[in-house]
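Let me begin by presenting the structure, written as structure tokens, before commenting on it.
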Amino acid sequence: MKSHFIAKKMLDSLSPLETDIIKAIVPIKKYRARDIYALVKNKASKSSVSVILDRLYRKGLLKRDVEIARGGIRF
């Protein structure tokens, strides 16, 4: 079984999609929303993934960086 960087109690308190996203990512790697969408694409739309990532960030489970991109900023 894959080990996770979040305690089991915390995983139990998350929604199924939040849990799938946390289980799909590697803590030391940087991801974009589209990368995570590719990991869980059968379970959610692109906009849902972005919303879930924002929720996980507000809960303190993820970090994010600001990048200047064509068309504005992205996290």
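The values are calculated or read from the model by the stated rules, or taken from the named source; none is laboratory data. What you are looking at is a predicted structure, and each value in this text was computed from that prediction instead of being measured. Calculation scope for accessible area: heavy atoms of the full protein, side chains included, ligands and nucleic acids excluded. Shrake-Rupley method; radii C 1.70, N 1.55, O 1.52, S 1.80 Å.
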Single residue of the stretch 22-33 satisfying the filter (more than 10 Å from the chain's Cα centre (by Cα) and at pLDDT 85 or above) that is most open to solvent (accessible area, probe 1.4 Å): 30
Would you confirm whether or not the stretch 37-44 contains a residue that is polar (S, T, N, Q) and open to solvent by 100 Å² or more (accessible area, probe 1.4 Å)? yes
